[in-house]
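Participant: My questions will all concern the structure given below.
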Amino acid sequence: MSATSSPSAADPDCSPADGSPGVRPAGLGAAVWAALGIVYVVWGSTYLAIRVVVETMPPLLSGALRFVAAAALLAVGLAARRGIRALRVTWSQFASAALVGVLLLVGGNGMVVLAERTVPSGLAALMVASVPLWVVLLRRAFGTRTGPATLAGVLVGLVGLAVLTAPGLTGEVELSGMLLVVAAAVVWALGSVLAGRLPMPADPFVASVYEMLAGGVGALALSFLRGEPGGFHPAEVSTASWLGLAYLVLFGSIVAFTSYAWLLQRAPLPLVATYAYVNPVVAVFLGWLVLSESLTWPILLGGAIVVGGVFLVARNER
């Protein structure tokens, strides 16, 4: 999962920040495709990195370290480039960003990290791909009208989700872990919906700083409640886990987000939204290639149905 609530495929009503309809596909340059490739590969690979990190590091504590470090690095970069005043926000904007950050990163990302102790990274990514489906349902609950074609896409995606979570179909995977991923997707969707309704900081980079800071502090608090720091011994953490954490901080939370925020200003939103159904494909491939995760027919079938449902939603909601 990404570390921001900026406009995305999860909120189809969003448009480029300048209010324009976006750049015509014929005018897309190499920089756009390069940025899109970064979002595809890096965000798709974060599930693999999380799986490696939690092998020897407490899950919530690793999330806290990731987001606090990313928030600090992004804040320093913004202050160095634009001045410290660039980070100024109102109290209502700060409170909104903090709430969204807790929902996205403690509730959404935190539950995925906990689940990936038992759930393969590729399977987790396929289930998280259902976020746009839950967003549609939550927006409808808030009173937003939804077309029949979009609802059909949601139903298709939920059928795929049912296949993925059906006991016995996806192999020796604990049902509790899979349900935790489903809950994470719902909470992430709620944070995404609220981000469009609350007084957030206008600059998505500034908003991300406070979201990640709040998410990191929240994850740290839950980590203490679970007693993780008491059993944490840095010397026992593998080199692979430390490298995975560094990758999540620098690439998952900063490089990919920066590319994504830039794309929202330079590329058509329907093109940017394709990350929602490309990321799980990348995650499944990397999990199979690097961690030798099994690819059973129910996982492939259920994942294809979920991705197909998300495609229908993204196609019908602009």
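The values are calculated or read from the model by the stated rules, or taken from the named source; none is laboratory data. No experiment lies behind these values; they were computed from the predicted model shown. So basically every Cβ, Gly included, is an ideal-geometry build from the backbone, and we count neighbours across all protein chains shown. Quick note on the areas: whole protein, heavy atoms, side chains included, nothing else; ligands and nucleic acids left out. Shrake-Rupley method; radii C 1.70, N 1.55, O 1.52, S 1.80 Å.
Participant: Out of all the residues in the stretch 213-228, which are assigned to a helix (DSSP H, G or I), in contact (Cβ under 8 Å) with a residue 12 or more places away in the chain and open to solvent by 50 Å² or more (accessible area, probe 1.4 Å)?
Facilitator: The answer is L213, V217, L220, L222.
Participant: Right, R66: at pLDDT 50 or above and out of contact with any helix residue (DSSP H, G or I) (no Cβ under 6 Å at 6 or more places or on another chain) or not? Reasoning before the result, please.
Facilitator: Details: at pLDDT 50 or above: yes; out of contact with any helix residue (DSSP H, G or I) (no Cβ under 6 Å at 6 or more places or on another chain): no.
In short, no.
Participant: Residues that are open to solvent by 40 Å² or more (accessible area, probe 1.4 Å) and among the charged types (D, E, K, R): which helices (runs of 4 or more DSSP H) entirely in the stretch 109-187 hold 1 or more of them?
Facilitator: It comes to 131-141.
Participant: Moving on to the next point. Within the stretch 82-122, count every residue that is of a type in the set (V, I, T) and free of Cβ contacts under 8 Å to residues at least 12 places away in the same chain.
Facilitator: Residues that pass the stated criteria total 1.
Participant: To continue, here is another question. Out of the stretch 63-108, which residues are within 17 Å of F251 (Cα to Cα) and either open to solvent by 30 Å² or more (accessible area, probe 1.4 Å) or not in a helix (DSSP H, G or I) (or both)?
Facilitator: Those that are within 17 Å of F251 (Cα to Cα) and either open to solvent by 30 Å² or more (accessible area, probe 1.4 Å) or not in a helix (DSSP H, G or I) (or both): L65, V68, A69, A72, L73, V76, G77.
Participant: Another question, then. Hey, could you check the stretch 229-241 for residues that are at pLDDT 95 or above and not hydrophobic (A, V, I, L, M, F, W, C) and say which is surrounded by the most Cβ atoms within 10 Å (Cβ to Cβ)?
Facilitator: Looking at residues that are at pLDDT 95 or above and not hydrophobic (A, V, I, L, M, F, W, C), I get S241.
Participant: Looking at (1) surrounded by fewer than 23 Cβ atoms within 10 Å (Cβ to Cβ); (2) modelled with pLDDT under 90; (3) not charged (D, E, K, R), which is the only condition P199 fails?
Facilitator: All conditions pass for P199, except number (2).
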